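The structure under discussion appears below in the form of structure tokens.
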Amino acid sequence: MSNGASPSGRAAIDVLICDDNKSLRAVLRDVIGLRPSLRVVGEARDGNEAIEEAARLQPDIILLDLAMPRKTGLDALPELRQVAPAAKIIVFSGFSTASVADEVLALGAVRYLAKGADIDEINDAIEEVAAEPMGAVPAAGPTIG
């Protein structure tokens, strides 16, 4: 976890937001900022930027969209696991089929959230995933959405 502290004195959970939609990134930044325990440390517009920012920032959580230009989130996922091995990846996508969720979990994501999840679901998922030890995060965690 980061060395920044929340008002409670505990370390804040550092989050990297990866989505090509600038407006959605802004909304997510605001939503995540509602909880003192969470801190957005960076943003990326495509899979290549996601990999660069994950390597540079070493966030606790990577919130990753799948449909992005240049390199999709799906293509970036294995590289993200390599450059930021301690980061836990939550895929946040509009693709809501079970097969997509199964595929991203098999590639190393720890949770799949469908776009449209409400504010509390997003923040609860980030906090739940961050609280679990890396090996203890269930590969087939609940699908929300």
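Just to check, using Stokes-Einstein with a Kirkwood Rh over alpha carbon pairs, what's the diffusion coefficient of the range 13-134 at 37 °C and 0.692 mPa s in µm²/s? D, rounded to a whole number, is 238 µm²/s.
Stretching Ser23 away from Glu127 to a fully extended chain increases their span by 35.1 nm, per 0.36 nm per residue minus the current alpha-carbon distance. Sum up the charges of everything whose Cβ sits under 12 Å from the Cβ of Glu52, counting Lys and Arg as +1 and Asp and Glu as -1, but leave Glu52 out. Result for the local shell: -1.
Quick note: the coordinates plus some simple rules give every number you see, no bench work behind them. As the structure is a computational prediction, the values presented were derived from the model and not from experiment. For neighbour counting, all protein chains shown are included, and Cβ atoms are generated from backbone atoms with ideal geometry for every residue, glycine included.
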